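Undergrad: Supplied in structure tokens, the structure appears directly below.
The values are calculated or read from the model by the stated rules, or taken from the named source; none is laboratory data. Everything quoted here is computed from the prediction, not taken from an experiment. Positions of Cβ are generated from backbone atoms using ideal geometry, with glycine treated the same way; all protein chains shown enter the neighbour counts. Note: accessible area is taken over every heavy atom of the protein model, side chains too, but ligands, DNA and RNA are not part of it. Shrake-Rupley method; radii C 1.70, N 1.55, O 1.52, S 1.80 Å.
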Amino acid sequence: MDKEMQILQHIRHNPFISQQELADLMGISRSAVAGYIAQLTKRGEIKGRAYVLRDEGSIACIGGANLDRKARGKQQVRLHSSNPVTIMESCGGVARNIAENLGRLGCKTSLFTSIGEDKEGEWILQETRKHGVDISQVWRLPTQRTGTYTALLDIDGEMVVSLANMDIYDALTPEMYADKWSHIASAQAIFLDTNVPADCLAYIIERCREESIPLFVDPVSSAKAKKLSQRLDGVEAILPNREEAELLAGMSIGSIEECAEACRRIRERGVKRVIVTMGEQGIYYQAEDADEQFTPYPTEVVDVTGAGDAFASGLLYGYVNGESFERACQLGLAASALTLKTEQSVSPLLRPEQLEQTVNQYEKER
């Protein structure tokens, strides 16, 4: 029996089998399997959605899912002193927040993360599922504690310091993602945050490059951005803030001109598009054939937490709905503006019609 017939036989038996699993069963390399799959697909031999067809409009979100605690000062925060605060708990984690945002926007979304077998983890999953997110592929790790993120906010909502306990993600391995790859690769686009280990990041980026799957990466923090490989071929877009962009580019950013140079350096690492979020200065977008600064949409700022996640969500929403990157950036800014005016990391105001209305109103008033 030739290799193509063997592959077809295995897929008939298990339509969700991964390329790595096929390679192991047949004693050949994964890249060889990918080549056979490509030929079978080209000839129309493989038609099953489970293995080949990407689910139009769907997004796989890979990364963190945590319990968020926000302590907000009742007066200006003073370091090295006791501060009166109000404390609020909510579901958090970059990938989880974006998955919920996308669910609220009507996108078919799946979450790939890990939780402990504890009440915090189960609460996070149940709350996330309420918004239409597929949580069936989440790992439950009995020896680990669900991740937590604690932020101290000043009286004006600006973050003073944050504390993260994310040890649970160190237990993830590339093999675990390989086992779930057929579920991940069925998405039209993949979002990845850097809470996962460096070898997992490298594995996911490489698979997306090999299989031409659009990948969007959020560096999360300057410390976690260091986990990214020097070569980032396979990344459709990366979404750093100013500090993360400085680390990725190896230079300081004090002006738009310097931001443009930093984006160019980051693109030299293989990224197709760079979108730097700059707070009150909006965003700076650069691709090979485009560069533009977008100013933020005017809004009342109640709490800045979650605004960056909202921007990424609006951008992805625009992308999977066939919008240009420029228009997708505008939808991202609209999502960010709607989130800034609430105390919640994921805004209940987030709806497709609200995004469109915010963008159109801003364009009309300009």
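Undergrad: Given (1) open to solvent by 60 Å² or more (accessible area, probe 1.4 Å); (2) touching a Ser or Thr at 6+ places or on another chain (Cβ under 8 Å); (3) part of a loop (DSSP other than H, G, I, E, B), where does G322 come up short, assuming only one miss?
TA: The number of the failed condition is (2).
Undergrad: Just for strands (runs of 3 or more DSSP E) wholly inside the stretch 245-311: which have at least 1 residues that are open to solvent by less than 60 Å² (accessible area, probe 1.4 Å) and at pLDDT 95 or above?
TA: 273-277, 283-287
Undergrad: Got a sec? Which of V346, V301 is closer than 11 Å to N101 by Cβ and β-branched (V, I, T)?
TA: Exactly one of V346, V301 is closer than 11 Å to N101 by Cβ and β-branched (V, I, T), namely V346.
Undergrad: Then there's this: Taking the residues in the stretch 335-345 that are in a helix (DSSP H, G or I) and in contact with a Gly (Cβ under 6 Å, 6 or more places away or on another chain) as candidates, determine which candidate is nearest to P214 (Cα to Cα).
TA: Looking at residues that are in a helix (DSSP H, G or I) and in contact with a Gly (Cβ under 6 Å, 6 or more places away or on another chain), I get A335.
Undergrad: For residues that are in contact with a Gly (Cβ under 6 Å, 6 or more places away or on another chain) and not aliphatic (A, V, I, L, M), tally how many sit in the stretch 122-139.
TA: 2
Undergrad: Can I ask one more? Within the stretch 1-36, work out how many residues are free of Cβ contacts under 8 Å to residues at least 24 places away in the same chain and charged (D, E, K, R).
TA: Residues in the stretch 1-36 being free of Cβ contacts under 8 Å to residues at least 24 places away in the same chain and charged (D, E, K, R): 4 in total.
Undergrad: Keeping to the stretch 133-156, report how many residues are within 18 Å of G63 (Cα to Cα) and not in a strand (DSSP E or B).
TA: Residues meeting the conditions: 8.
Undergrad: Mind listing whichever residues of the stretch 347-363 are open to solvent by 10 Å² or more (accessible area, probe 1.4 Å) and either of a type in the set (S, T, Y) or not in a helix (DSSP H, G or I) (or both)?
TA: Within the stretch 347-363, P348, L349, R351, T358, Y362 qualify.
Undergrad: Ok, one more. Which of the following residues is in contact (Cβ under 8 Å) with a residue 60 or more places away in the chain, of a type in the set (A, V, I, L, M, F, W, C) and under 30 Å from I37 (Cα atoms): A198, A185, A202?
TA: Every option except A185 fails the conditions.
Undergrad: Within the stretch 325-337, can you find the residues that are free of Cβ contacts under 8 Å to residues at least 40 places away in the same chain and open to solvent by less than 10 Å² (accessible area, probe 1.4 Å)?
TA: Across the stretch 325-337, the qualifying residues are A328, L331, A334.
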